[in-house]
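What follows is a short report on a single structure.
No lab work stands behind these numbers, since they all come straight from the coordinates. Only a predicted model underlies this, so the values are computations on that prediction, with no experimental measurement involved. Ideal geometry is used to build each Cβ from the backbone, glycine not excepted, and the neighbour counts take in all protein chains shown.
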Amino acid sequence: METVAQAGVAAELHPLADQLEQHRGFAEVLASLSAGHGGTLGGVWGSSCALVAAAIERQSPQSLVVVLPHTRDIDSFCDDVALFTSARVEQLPAWETDAGERVLNDDIYGGRLRILKSLISQKDNSLDPTDRRPRIIVTAIQSLMQPVPSEAAIAAATRQLAVGDTVDTAELTRWLAAEGCASTSAVEMPGEFSLRGGILDLFPPDAEHPIRLELFGDEVESLRTFDVANQRSLSSLDTVDVTVLQPTNTNRTHFTGYLPAQSWFMLVEPSELQEEGRFYHERLERPEDFFSVSLTLSEINKFPSVTASGVPVGSYETTAHMQFESIERFSGDVHRVREELDAVATDHRVILVTETDAEVERLSELFAETRLMQDGKLRFVPGRLARGFRFVAEQVVLISASELFHREEIARPAQRQTGRAIDSFLQLREGDLVVHLSHGIGRYRGLKLLEKEAGAEEHLEVEFHGGTKIYVPTSRIELVQKYVGGRQAKPRLATIGGRSWIRQKQAAEKAVTDFASEMLELEAARNGRPGIVFPTDTVWQREFDTAFPYQETPDQLSAIAAIKSDMQIAKPMDRLLCGDVGFGKTEMAMRAAFKAIDAGYQVAVLVPTTVLAEQHCRTFRQRMAEYPFEIASLSRFCTAKQSREILARTANGSIDLLIGTHRLVSPDVQFQNLGLVIIDEEQRFGVTVKERLKALRASVDVLTMTATPIPRTLHMSLLGARSISNLETAPKDRLAVETRIARFDESLIRHAILRELNRGGQVFFVHNRVHDIQNVARKLQEIVPEASIGIGHGQMTEHELEDAMLGFVSGQYDILLATTIIESGLDIPNSNTIFIDDADRYGLADLHQLRGRVGRYKHRAYCYLLVDENRHLSPEAARRLRAIEEFSQMGAGFALAMRDLEIRGAGNLLGTQQSGHIATVGYELYCALLEKAVRELKQLPPRDSVDVIVDLPIAAYFPRQYVPDMRTKIDLYRRLSRVTQETEVAEFRAELVDRFGALPAPVEQLVQLARLRIWAHQWQVGSIHLENPYLVLGYRDSRQLGLLIARSGEQLRRADDQSAYLPLGNHVEDPAWIMAELESLLRRSESDH
């Protein structure tokens, strides 16, 4: 990953590096380095280390390599250094996996290979015209102890491709496969390739985006990068270097061998660095495969090097004590921070580093009355600063807003985008159960190309009871849906011509109509009650929203817009916010809470567990630290005295936001001016709590959050009947959790825990039986004696549990051994490995929730589903575990759901009776019936769809050599059947050309038929077929037909109240003429609209 400083920052802080160069002691150290010797810098505190690196880089003839003691500090150091220089900064990341586990699609492998190649090109071409040379390389001692492949190995594994080259695709794909790349239908991950006719897609391990080669014969006609999410091209290239080298390559070359001879090194905190390196080496399972600390340091000493530390050890080298000082800790209290900032500044200028422009506005307002601001000595700079410092000689204090308010910023570095959203229909495989809308439940047997006269079209073969088969043309693919119906026994196949399917469908139709009318009555009753009208967004609200350090997803933006819109109208809000674990529900809730408090109301946040109450309390306080809001938590962690005090302050209105468990709905909890209630995971509360909440809903605004996903189809069908916001988009840069099922194996557990500890992380170990949890603790201590273990479960006293949790959060324990008390929302970004003991005893939703505790930060996370080595797995448990292992990508909750979890979400929302109808008619049909019922009851027109049957002697299909993958093909047919606008057809055609190359005749005709259906639909024509020597149009609207007859110059003749005939003369066997004739008849011009 590389970092380039923001242009706007350059003018602000870069002069500090200039000023540093003028300091006598520092200038002498630079002179020593220039002479090929070393130097020692003391008094380097906090992020001043990055300023020192920026100043050294200016004098370094080649790259400056900065070596840190901890891998976890690499990202923040890169952010820091970007404040002080515009030089190109790159990192050499450390492997987090052992050699045997490494794969081509690992981002760390891609990053390591990328920097090695850029250093090779630096040597080959010192006058690199693109200046892609890294000037500062940031790494850690652990990374330098890991061998890299030799230059010869990289050269041997690299091929250059250029536009105009002649390429033997068969030989190229053989080479890719031999080097470990996987052939796939659509390239989504590094190390994959896909050959489709004249198009070869491949994703080199070190590339940011995959590459698309378009060939004309054997010649490369174009080279393009493309987006894995939509498979569309991004930009054109002239040449590309493809390096495919197995990450398990056994070369033992040291990284320093790649550096130009005149490179310099900077070692940060050398004593700690050596100690961390030794710890790392001791914990390795095969230390002989790595370089020792002493060997690594001797390699570094071949180059001029400088050490930087707070308190330097004695040295014979040129030494300078820098005039930096660390900064006093701030209280984090918004009421006291003004005085604290004035006190810290004394006679210094203060530069406050903020993450967003909105924060600048907020802090300018907050500090307007300070002496600093009035004297013009307070300036704001956008960026990130890990730890503030005082630059005494220049009388400058640098500090971040995060330090002022005790906020933990979790900045995730940008990751390559891999993988695509899952559409349930994409998962249709031969042998799956499907629902035919007219005939009922059958079994899908595959795609068959059927030829009839001059025409040819692919059909879905569906088998029913007794082996009867029906062939559904792909142009009518919407008649067939994948059957998903809950966890009951598999349904029987329907009998063609039987009456039971019609009865089942009618029963479901009646049930959804009753259900929809009940929901609409509830909605109408709510609309009739008066509610709080919150004001539109204030300046504070806008500042708070924009201080969010990540880019919101489109789902998040539409959810918060809907929530605010609900709050601003005169009826009580009752909105359900659904989203997978970690998709930003809490941020949405915080914005709603802010809106209520800002308008003078109190907010109650109701959560299912004490641990989650504490977690939310911390999160809300950190996020709202810059505002004068009082936030408290009422849980069993509070003493009786604290509880009484909180209740009194809530009643008199001095507490703005109260977070707690079901204790919040007790009669003795009285609010002075309650305006909003936020409920997390309502389905986990008991009946009494739910009844009390029902009463609350009548008067105040209620926002309910759940991590049990509601599927999109159900969400769409409930629009207008129930207020639901669905967060479906994974936050950018979140990595999927790697999930593995394993028998309880001591060596595997030790290996996984040490891997996590070696990268400075922590481990969750979930064991859900309190009676033998101490035995498990002893066992774990035997397996990893070097790890410290904390224990947490619900039978501990409040303070014991709090101590265990806080000890883990603060890094006191390496492993937290706990019951499922951690399931509810516990968020510890440093914990990225979780073991779930006896995983076969858990339901799918519980496993998914537990897995969501890890992978909330930038590291690859691991989830181990452990099964007792002596226990036999039931088929049901095996299916659950396989499902969660298979769907481990972000947002997998939605795909998992198609197995089992969404049905649970639907059951929560709809009730058991409706779940029965889902099992009978299948999920998609149920949702379609529900949507139809809602629209009819609300007197809305049906959703626009093009329902035109065209039966002409034309070959229209995707040939196997054009789209070889069956599931991709079904997806394309499905999407084409859904288009309703000509512009969508044009976009679809452009996508085909981009992804699969020039359209062969059957595909061109398929696209033309899609246009024809849209034109016919606009004239209310429902069918078109041939009846020699006529073309027969079935129509639905007599007036529209009259216009068509006039338009045809009376050629088209009305036969009866359903059909019209167009004579074809001697063109009956000329499909091209028939298509052209239909286009001239049906395609509307501007004057027709």
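Structure data summary
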| quantity | calculated |
| --- | --- |
| Over 27 Å (Cα to Cα) - which of Lys452/Lys969; Lys448/Lys510; Lys571/Lys595; Lys469/Lys490; Lys469/Lys505 fall in this group | Lys448/Lys510 |
| Which of Phe193, Gln849, Tyr258, positive extreme of dipole for the chain (C-beta unit charges) | Gln849 |
| Distance between region 529-591 and region 933-989 - C-alpha centres, whole angstrom | 35 Å |
| Separation of alpha-carbon centers, region 652-692 and region 29-55, rounded to whole Å | 56 Å |
| Alpha-carbon centroids, region 150-186 and region 57-122: separation in whole Å | 26 Å |
| Label point 7 Å beyond Cα of Ser699 along Cβ direction - residues of region 565-585 with amide nitrogen under 17 Å | 571-574 |
| Efficiency of FRET from Cβ geometry, Gln59 and Ser236, R₀ 56 Å, rounded to 0.05 | 0.90 |
| Descending semi-axes in whole angstrom, ellipsoid equivalent of region 531-727, from the Cα gyration tensor | 25, 19, 17 |
| Reachable aspartates and glutamates from Lys938, criterion Cα separation under 14 angstrom, eight or more residues apart if same chain | Asp514, Glu518, Glu521, Glu523 |
| On Cα atoms only, tilt of 74-84 relative to the major axis of the chain in degrees | 70 degrees |
| Under DSSP loop assignment and at most 16 Cβ neighbours within 10 Å, longest chymotrypsin sites (Phe, Trp or Tyr not before Pro)-free interval of the chain | 551-1089 |
| Cα gyration tensor shape for region 327-404, rounded if a/c is under 1.5, else prolate or oblate | rounded |
| Using θ = phi - 60° and Karplus 6.51 cos²θ - 1.76 cosθ + 1.60, couplings along region 810-820 (whole Hz; Gly, Pro as x) | 7, x, 5, 10, 7, 10, 10, 8, 9, 7, 6 |
| Helix 1071-1082 vs. the chain, principal-axis angle (Cα, 0 to 90°, nearest 10) | 80 degrees |
| Dipole in debye (nearest 20) - the chain, about Cα centre, beta carbon charges: Lys, Arg +1; Asp, Glu -1 | 2920 debye |
| Helix-derived mean residue ellipticity, 222 nm - over the chain, DSSP H n ≥ 4, -39500 (n - 2.57), to 500 | -11500 deg cm²/dmol |
| Distance in nm between pseudo-label sites at Lys938 and Glu285 (7 Å out along the Cβ direction from Cα) | 5.6 nm |
| Region 737-889, relative contact order in percent, only Cα pairs under 8 angstrom and at least six apart counted | 34 percent |
| Rounded tilt (10° steps) of 687-697 against the dominant C-alpha axis of the chain | 80 degrees |
| Pairwise Cα inverse-distance average, inverted: Kirkwood Rh of region 991-1079 (Å) | 14.2 Å |
| Average Cα contact separation per residue, region 531-727, under 8 Å, 6 or more apart, as relative contact order % | 33 percent |
| Under Karplus coefficients 6.51, -1.76 and 1.60, residue-wise ³J(HN,Hα) of region 164-170 in Hz, glycine/proline x | x, 5, 9, 10, 8, 5, 4 |
| Difference of contour (0.36 nm per residue) and Cα-Cα distance, Asp1057 to Glu800 | 84.3 nm |
| About the Cα centre, charge dipole magnitude for region 327-404 (Lys/Arg +1, Asp/Glu -1 at Cβ), debye | 240 debye |
| Cα gyration tensor shape of region 158-243, rounded if a/c is under 1.5, else prolate or oblate by comparing a/b with b/c | rounded |
| Options Thr184, Leu237, Thr173, ranked by Cα towards positive dipole end of region 158-243, top entry (Cβ charges) | Thr184 |
| Gyration tensor verdict on region 737-889 (Cα atoms; rounded if a/c is under 1.5, prolate if a/b is larger than b/c, oblate otherwise) | rounded |
| From phi via Karplus (6.51, -1.76, 1.60), per-residue ³J(HN,Hα) for region 738-751 in Hz, x at Gly/Pro | 6, 10, 9, 9, 8, 6, 4, 9, 4, 5, 5, 5, 4, 4 |
| Net lengthening on full extension, Arg499/Ala524 (0.36 nm per residue, minus Cα-Cα) | 5.2 nm |
| Kirkwood Rh, angstrom, the chain [1 / mean 1/r, Cα pairs] | 33.1 Å |
| Antiparallel %, DSSP beta bridges [both residues in the chain], to 5 | 40 percent |
| Segment Thr639-Arg1083, length gained on full extension (0.36 nm per residue, minus Cα span) | 152.2 nm |
